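A.B. asks: Provided herewith is a single structure, encoded as structure tokens, for subsequent inquiry.
The values are calculated or read from the model by the stated rules, or taken from the named source; none is laboratory data. Small disclaimer: the values here were computed from a predicted structure and weren't measured. Virtual Cβ from ideal backbone geometry, glycine too; neighbours counted across all protein chains shown. Just so you know, the surface numbers come from the protein's heavy atoms only, side chains and all, with ligands and any DNA or RNA stripped out. Shrake-Rupley method; radii C 1.70, N 1.55, O 1.52, S 1.80 Å.
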Amino acid sequence: RVFTMGESKDYMTLPEQNGSVNIAKDVIAAVAVDAVREVEGVAGMMTSMGGVMDLVDKKNAQKGLKGVRISVSEDNQLTLDLYLTVNYGVSIPETAENAQKAVATAVEDMTGCKVSAVNVHVGGVSIA
């Protein structure tokens, strides 16, 4: 399969035998946010303005998309940047690695798009 960016840079296009499948970047980001929510030790996402987004209730999950940036390489592989806060007392490297694995697996399984990297940026610690 070859993946290309759609005419609108907001979509990934997967050519298929009977046409193509277009997946919005927001869908890929939503998959990533949902996967991160399941990782023990992750307290929330950082919004683009540096604010903290609580991941506890699903209503806020869409807003958490601001904590995910997606870029596509020339060979059509995805790189995701996640901006997180972690719970006080957890191992940050271990939590970040678990987030990387969870996000890469979820995005590849649900979209068929190859993930070349998941970069985790920890911008805060939640003491609550």
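A.B. asks: For Met12, what residues show an amide H to amide H distance below 5 Å, using hydrogens built from the backbone and excluding near sequence neighbours?
C.D. replies: Amide H neighbours of Met12, under 5 Å, 5+ apart: Gly6, Ile23, Ala24, Lys25.
A.B. asks: Also: Check Gly124: other-chain or 5+ apart residues with amide H under 5 Å from its amide H, H built from backbone geometry?
C.D. replies: Val86
A.B. asks: Moving on to the next point. Assuming 0.36 nm per residue, please report the length gained on full extension of the stretch Asp10 to Ala128 beyond their Cα-Cα distance.
C.D. replies: 38.9 nm
A.B. asks: Something else now. For Leu82, what accessible surface area do you get with a 1.4 Å probe? Give it in Å², rounded to 10.
C.D. replies: 0 Å²
A.B. asks: Next up: Could you calculate the contour length gain from Ser20 to Thr79, that is, 0.36 nm times the residue separation minus the distance between their Cα atoms, to one decimal place in nm?
C.D. replies: Using 0.36 nm per residue and subtracting the Cα-Cα distance, I get 19.1 nm.
A.B. asks: Please give, to one decimal in nm, the separation of the simple spin-label points placed at Asn119 and Glu38, each 7 Å out from Cα toward the Cβ.
C.D. replies: Inter-label distance under the simple model: 2.6 nm.
A.B. asks: What are the ³J(HN,Hα) couplings of region 109-117, residue after residue, when phi is run through the Karplus curve with 6.51, -1.76, 1.60 and θ = phi - 60°? Round to Hz, x for glycine and proline.
C.D. replies: With coefficients 6.51, -1.76 and 1.60, one gets 5, 7, 10, x, 7, 6, 9, 8, 7 Hz.
A.B. asks: Relative to the present Cα-Cα distance, how much length would full extension add between Ser91 and Ser71 at 0.36 nm per residue of separation?
C.D. replies: The Ser91-Ser71 span can extend by a further 4.4 nm.
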